[in-house]
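Here's the structure we're looking at; comments come further down.
Derivation of every value follows stated rules applied to the coordinates shown; laboratory data play no part. None of the values given here were measured: they were computed from a predicted structure. For neighbour counting, all protein chains shown are included, and Cβ atoms are generated from backbone atoms with ideal geometry for every residue, glycine included.
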Amino acid sequence: MRWTVFAFFAYIFLALDTGLQPLLRMGDGAVAPSFALILMVWIAMMGPTHAVRWAALILGLLADLLAQYPTVDGRAVTVAGPYALGFLLGAALTIQLRGLVYRKHPLHTGLLTFLAGACAFVPAVFLLTMRRIIYAGLDSEHVILWVASDELVHAFLTVCYSAVIAVPAGWILNRLSGLFGFQSHPRLGLPR
């Protein structure tokens, strides 16, 4: 995998996450798709296992650094770790399931985005909920305003929306897959 191409696409997809979010929001809960999740799933479908792990960790960490959570004292905090771990778990699930699907089909990108997104967002919500409980017990002023049930519903709707957007995004990424330089097994066509 060419890491400079990955860095360029990670920048583009994270810019789409921040720039298109106001345009693509749906409903009262401000549900928007996660383009970083779509890129992570597509790379996990196509790339070699060792590169996929690093790419998922990097994309998850960048998603963590872009997320802002309001606190009870009126400020916003950034928490590094929940999405990094969640994206890593989502990539591991995608690696296990990629042999069961036709990788170049855009509908399969949407299907695996739904499954990997559920695997990625549930641990992130759990970790942020645990952080809130611990900080509330310590009487810290950095307790985030967080209701786990609302955030699970929000995460589910985000994953569903991302899966729908992953179909056209997967079609575009499949056309650009030669840029990434994925090497395949000569007989099986599987990533090395």
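Shape analysis of segment 1-84 yields a ratio of the Cα radius of gyration to the Kirkwood radius, Rg/Rh, of 1.02.
Largest GNM mean-square fluctuation across Gly117, Gly27, Gly86, computed for the chain with C-alpha springs under 10 Å, falls on Gly27.
Amide H to amide H under 5 Å from Ile144: which residues, 5+ apart in sequence or cross-chain, H placed 1.01 Å off N in plane? Here the answer is none, since no amide H 5 or more places off falls under 5 Å of that of Ile144.
Result for the chain in a Gaussian network model with C-alpha springs under 10 Å: among Ala148, Ala55, Ala124, the largest mean-square fluctuation is at Ala148. Among Ser177, Ser34, Ser149, the order by Cβ neighbours within 10 angstrom, fewest to most, reads Ser149, Ser177, Ser34. Each Lys or Arg adds one and each Asp or Glu takes one away; over the other residues whose Cβ falls under 12 Å from the Cβ of Pro82, this sums to 0. Centre-to-centre separation between the Cα atoms of segment 160-184 and those of segment 38-73: 16 Å.
Return the tail of the calculated pair distribution for segment 2-41, meaning the percent of Cα-Cα pairs more than 13 Å apart. Don't skip to the end; give the middle numbers.
Values: 418 of 780 pairs.
Percentage above 13 Å: 54.
Dividing the convex hull volume of the alpha-carbon atoms in the chain by its residue count gives 110 Å³ per residue.
Based on the Cα coordinates of segment 40-85, what is the per residue volume of their convex hull in Å³?
Taking only Cα atoms, segment 40-85 has a hull volume of 57 Å³ per residue.
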